[in-house]
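The values are calculated or read from the model by the stated rules, or taken from the named source; none is laboratory data. Predicted model only: the values in this text are computed from it and were never measured. Reconstructed Cβ throughout: ideal geometry from the backbone, glycine too, with neighbour counts over all protein chains shown. The area values use the complete protein model at the heavy-atom level, side chains included, leaving out ligands, DNA and RNA. Shrake-Rupley method; radii C 1.70, N 1.55, O 1.52, S 1.80 Å.
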Amino acid sequence: MAEQDVPFRDKKIETASREELEKVQLAGLKKQVENGLKTPFYRDRLIKAGITSPDAITKVSDIRLLPFTTKNDLREAYPFGLLAVPKEEVVRIHASSGTTGTPTVIYLTQNDLNLASDTMARSLTAAGGTRSDIIQNMMTYGLFTGGLCFHYGAELMGAMVIPTSAGNTIRQLKFMKDFGTTIIHATPSYLLHLHAAIESAGYSFEDLKLRKAITGAEPHSEELRCKIQDKLGIEVYNCYGMSEMNGPGLAFECIYRAGMHVWEDRYIMEIVNPETLEPVPDGETGELILTILCRDAMPLIRYRTRDLTRIIPGTCECGRTHRRIARFTGRTDDMLIINGVNVFPSQIEEVLLRTHGVGASYFITVEKKGVLDKMTVQVEITPEMFADDARVIHALKDRLCQEMAALITIRPTIIIKQPGSIPISEGKAKRVEDLRNLP
Ligand code: DLL
């Protein structure tokens with residue numbers, strides 16, 4: 001493709017030299033330290049690390065003087081320990097799962113939201129989206145960022161957005177057909193489900209105007225991308241993000257689909273060895289560490305994403321200077337992503353431990369049923385409960401299912417087991433089996 005055909009939202013910053021980018025990063029990092037010092041959470045930590053003013057940071061690599069932040073820290077700071085602006089300036093919050101019932105929450109000012117939308121619009125433009133597109137957003141609206149944060153970015157780009165949210169495949173298809181949807185946004189597993197539904201509903205692909213899909217929120221392989229592209233006859237773009245970092249679009253594929261550009265004027269990335277927390281050489285796999293530069297309400301410095309990836313060496317044909325990261329190969333913690341929803345085994349355990357009649361052992365299995373993920377929780381009950389009649393046991397099963405759905409938003413299948421029937425592992429307990437091969 002000729003250089004002039006590569007679409008940009010802001011060509012100057014997207015193709016800025018490393019020197020220019022580092023200038024923007026340094027100013028942004030100093031601002032985040034200044035904001036951090038305003039929060040109860042970071043004030044002590046920064047001072048302990050010898051940072052009492054943003055002036056202590058004189059170059060981008062000084063980021064290594066700053067402490068790391070973890071998901072657990074966000075839990076400790078819940079609900080407002082990371083607020084750097086007066087509460088009245090916050091106009092929205094988003095959240096995702098924490099390791100327990102306490103969610104991981106972010107807050108945004110109007111200016112933060114404008115920048116988040118601009119980042120998303122930049123990503124969509126890089127993937128070839130335009131104001132003539134009709135974009136159907138099949139990600140859940142609400143606390144999850146895949147709904148609203150994507151939506152506002154697509155609107156800012158000028159596209160017509162259809163906010164169908166997740167599920168109800170028959171209605172999704174009707175809107176796709178009747179409104180001539182050209183781009184869809186969905187998890188990879190839902191894209192496969194949609195394909196099967198298109199065929200079984202008897203729609204012909206010629207009835208649809210679909211040309212691209214944006215996908216993310218869960219790991220998927222290059223093979224799966226190719227399979228969806230072949231089946232639907234469209235281009236599929238990988239999009240990475242997390243609620244802690246303002247949601248989808250912090251890294252995105254351009255039209256060359258050769259890795260995801262991280263928008264380095266808005267995020268500082270480091271890739272470290274997860275054991276030593278020391279940087280790894282470019283091209284080597286490690287844990288992605290992110291510092292957000294485009295948010296005032298809530299600083300997040302050297303955040304341990306737990307996602308494993310590597311920097312793709314070399315430059316991209318599109319001419320962007322923002323470095324690319326490869327598809328994720330896993331996580332350094334035990335977080336499961338089930339049909340796009342983040343679930344920690346500790347959340348399941350929390351429900352079990354507080355429920356009368358449930359014993360000490362449990363076992364979680366995750367597998368593929370068709371194209372979707374399915375979670376089963378085997379639960380041992382106490383001898384007293386086991387002696388009770390079937391109705392009591394049935395009620396317990398229902399209650400566990402409801403409480404888990406309330407906490408993690410998905411309904412696992414609960415299998416009640418008699419006391420002592422789940423084998424106790426020698427050494428470190430193995431309580432989760434993930435039978436899915438990365439699709
Ligand atoms: O999943 C935000 C998002 C929405 C991204 C829509 C892309 C599209 P969380 O619920 O906070 O936010 O989950 C973040 O999901 O740390 C990764 O482990 C995983 N993840 C997100 N995108 C990808 C991707 C959203 N493209 C967590 N490939 C992250 C692999 C992904 N894993």
State yes or no: is Phe150 within 14 Å of the ligand (Cβ to nearest atom) and not charged (D, E, K, R)? yes
Does region 30-54 hold any residues that are in a helix (DSSP H, G or I) and closer than 17 Å to Arg64 by Cβ, and which are they? Lys30, Gln32, Val33, Gly36, Tyr42, Arg45, Leu46, Lys48, Pro54
Would you be able to say whether some residue in region 395-410 is open to solvent by 50 Å² or more (accessible area, probe 1.4 Å) and under 24 Å from the mean Cα position of the chain (by Cα)? yes
Considering only region 322-330, I want to know if a residue exists there that is open to solvent by 10 Å² or more (accessible area, probe 1.4 Å), in contact with a His (Cβ under 6 Å, 6 or more places away or on another chain) and either among the charged types (D, E, K, R) or not assigned by TED's automatic domain parsing to the domain that holds Lys31 (or both). yes
Which of (1) touching a helix residue (DSSP H, G or I) at 6+ places or on another chain (Cβ under 6 Å); (2) within 16 Å of the ligand (Cβ to nearest atom) does Glu223 not meet, given it meets every other one? (1)
Which one is farthest from Thr100 (Cα to Cα), of the residues in region 370-379 that are in contact with a helix residue (DSSP H, G or I) (Cβ under 9 Å, 6 or more places away or on another chain) and buried (at least 16 other Cβ atoms within 10 Å of the Cβ)? Val371
Has region 264-271 got at least one residue that is on the phi > 0 side of the Ramachandran plot and at pLDDT 95 or above? no
Per the list (1) under 22 Å from Leu224 (Cβ atoms); (2) within 16 Å of the ligand (Cβ to nearest atom); (3) surrounded by fewer than 17 Cβ atoms within 10 Å (Cβ to Cβ), residue check on Glu367 breaks on (2)
So, in region 170-190, of the ones that are of a type in the set (S, T, N, Q) and closer than 27 Å to Phe328 by Cβ, which residue ends up nearest to the ligand (Cβ to nearest atom)? Thr187
Return the residues of region 1-57 that are in contact (Cβ under 8 Å) with a residue 60 or more places away in the chain and among the hydrophobic types (A, V, I, L, M, F, W, C); say none if nothing qualifies. Met1, Val6, Phe8, Ile13, Ala16, Leu21, Val24, Leu29, Val33
Region 298-313 - residue that is farther than 25 Å from Lys30 by Cα and either surrounded by fewer than 22 Cβ atoms within 10 Å (Cβ to Cβ) or at pLDDT below 95 (or both) and, of those, nearest to the ligand (Cβ to nearest atom): Asp307
Using the structure shown, decide if Ile271 is aliphatic (A, V, I, L, M), away from the ligand (no atom under 13 Å from the Cβ) and touching a strand residue (DSSP E or B) at 6+ places or on another chain (Cβ under 8 Å). yes
Counting only residues that are out of contact with any Ser or Thr (no Cβ under 6 Å at 6 or more places or on another chain) and either of a type in the set (A, V, I, L, M, F, W, C) or assigned to a loop (DSSP other than H, G, I, E, B) (or both), which one in region 1-15 is farthest from Ser132 (Cα to Cα)? Ile13
Cβ-Cβ below 8 Å, separation at least six or inter-chain, first residue in region 235-257 and without any contact (Cβ under 8 Å) to a residue 40 or more places away in the chain, second open to solvent by 10 Å² or more (accessible area, probe 1.4 Å) and within 6 Å of the ligand (Cβ to nearest atom): which pairs? Arg257/Asn238
Residue check: is Ile381 within 30 Å of Thr309 (Cα to Cα) and in contact (Cβ under 8 Å) with a residue 24 or more places away in the chain? no
Scanning region 343-364 for residues that are away from the ligand (no atom under 16 Å from the Cβ) and assigned to a loop (DSSP other than H, G, I, E, B), the one farthest from Thr102 (Cα to Cα) turns out to be Gly357
Would a scan of region 264-284 turn up a residue that is open to solvent by less than 30 Å² (accessible area, probe 1.4 Å) and of a type in the set (S, T, N, Q)? no
Among the residues of region 323-342, what is the count of those that are more than 9 Å from the ligand (Cβ to nearest atom), more than 27 Å from Pro281 (Cβ to Cβ) and modelled with pLDDT of 90 or more? 2
Selected residue [touching a residue at least 12 places away in the same chain (Cβ under 8 Å) and buried (at least 20 other Cβ atoms within 10 Å of the Cβ)] from Leu208, Leu192: Leu192
List every residue pair whose Cβ atoms lie under 6 Å apart, where the two residues are 6 or more positions apart in sequence or sit on different chains, the first residue falls within region 88-108 and is outside the structural domain of Ala406 (by TED's automatic domain parsing), and the second residue, located anywhere, is within 13 Å of the ligand (Cβ to nearest atom) and in a loop (DSSP other than H, G, I, E, B). His94/Leu143; Ala95/Pro103; Ala95/Leu143; Thr99/Phe344; Thr104/Gly98
Hey, among Ser346, Ser361, which residue is at pLDDT below 90, buried (at least 19 other Cβ atoms within 10 Å of the Cβ) and polar (S, T, N, Q)? Ser361
Looking at (1) hydroxyl-bearing (Ser, Thr, Tyr); (2) open to solvent by less than 40 Å² (accessible area, probe 1.4 Å); (3) assigned to a helix (DSSP H, G or I), which one does Ser61 not meet, given that it meets all the others? (2)
